[in-house]
Amino acid sequence: MSHHQLEKWFWRSMLILAGILLILGFLSGNLMMWIMALTIGILVRYCAYDLLFADFDAKADEIRQRYLKKKEAK
């Protein structure tokens, strides 16, 4: 596995951990788990957003541009 793939797996596992902590915090009413999940989510957003979601953003932008061209052509 390359370094790029390992980094993606790390951040994906952090997202899964944040989701689990959020659910467990909700079920148990433990505010500390919510805060930890929020902290992990913010870290992922600012440190790994481009790594994890760049392909999705590019595809969404392409679809948006095609839609705008069709709309202008009418």
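Rule-based calculations on the coordinates, nothing more; no lab input. Being a predicted model, the structure only gives us computed values, none of them experimental. For neighbour counting, all protein chains shown are included, and Cβ atoms are generated from backbone atoms with ideal geometry for every residue, glycine included.
Rounded to whole numbers, the Karplus 3J(HN,Hα) couplings from phi for segment 8-14 are 4, 5, 4, 5, 5, 5, 5 Hz, using 6.51 cos²θ - 1.76 cosθ + 1.60 with θ = phi - 60°, and x at Gly and Pro.
Remark: the chain carries a charge dipole of roughly 440 debye about the Cα centre, counting +1 on each Lys and Arg Cβ and -1 on each Asp and Glu Cβ. Building the convex hull from the alpha-carbon atoms of the chain and averaging its projection over directions returns 7.3 nm².
Neighbours of residue 66, meaning other residues whose beta-carbon lies under 14 angstrom from its beta-carbon, give a summed charge of +3 when Lys and Arg score +1 and Asp and Glu score -1. Across segment 41-48, computed HN-Hα scalar couplings (Karplus, 6.51 cos²θ - 1.76 cosθ + 1.60, θ = phi - 60°) run x, 5, 4, 5, 4, 8, 9, 9 Hz from first to last residue, x flagging Gly and Pro.
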